[in-house]
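The values are calculated or read from the model by the stated rules, or taken from the named source; none is laboratory data. All values derive from a computational prediction rather than experimental measurement. Backbone-built Cβ (ideal geometry, glycine too); neighbour counts: all protein chains shown.
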Amino acid sequence: MAKDWGVARFRGMGSMEYLLDTGAWLRDSDLFDGAAVRLFESMAAADEFAAQLNQEEEPHGVQFLIDAKGAVVTWKTARKTATKRARRGRGKSG
């Protein structure tokens, strides 16, 4: 089973932070491809871990996009990859 669940917490006006392997938090605006986000195999496992943290910031499980190697991928990269695949598929006869 792929690890694609992490832990996030709310910060400020609708922004979030993601828990890294180091225990530090990364702002959602700073998320990058390959970020060392601490990943879990299920939402239940991520939520269980989140329940052990300070509840004032409402930590909770969130699902990430991951690549074939299991590394975090941002939605911008995933969208670009999907667009490239779709373009390659055009014009081909089935």
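For the range 1-29, the tally of residues that are closer than 17 Å to THR74 by Cβ, of a type in the set (Asp, Glu) and at pLDDT 95 or above stands at 2.
Contact map, the range 72-87: first residue loosely packed, with under 14 Cβ neighbours inside 10 Å and modelled with pLDDT of 85 or more, second residue hydroxyl-bearing (Ser, Thr, Tyr) and in a helix (DSSP H, G or I), Cβ cut-off under 7 Å, separation 6 or more or different chains; the map is empty. Against the list (1) in contact (Cβ under 8 Å) with a residue 40 or more places away in the chain; (2) crowded, with 16+ Cβ neighbours inside 10 Å, the condition PHE10 fails is (2).
Tell me the residue from ARG38, ARG11 that is in contact with a Gly (Cβ under 8 Å, 6 or more places away or on another chain) and of a type outside the set (Ser, Thr, Tyr), please.
Numbers: ARG11 fails: in contact with a Gly (Cβ under 8 Å, 6 or more places away or on another chain).
From the options ARG38, ARG11, the qualifying one is ARG38.
Pairing each residue of the range 20-42 that is over 15 Å from LYS69 (Cβ atoms) with any residue that is part of a helix (DSSP H, G or I), provided the two are 6+ apart or on different chains, yields C-beta distances under 6 Å for PHE40/ALA46.
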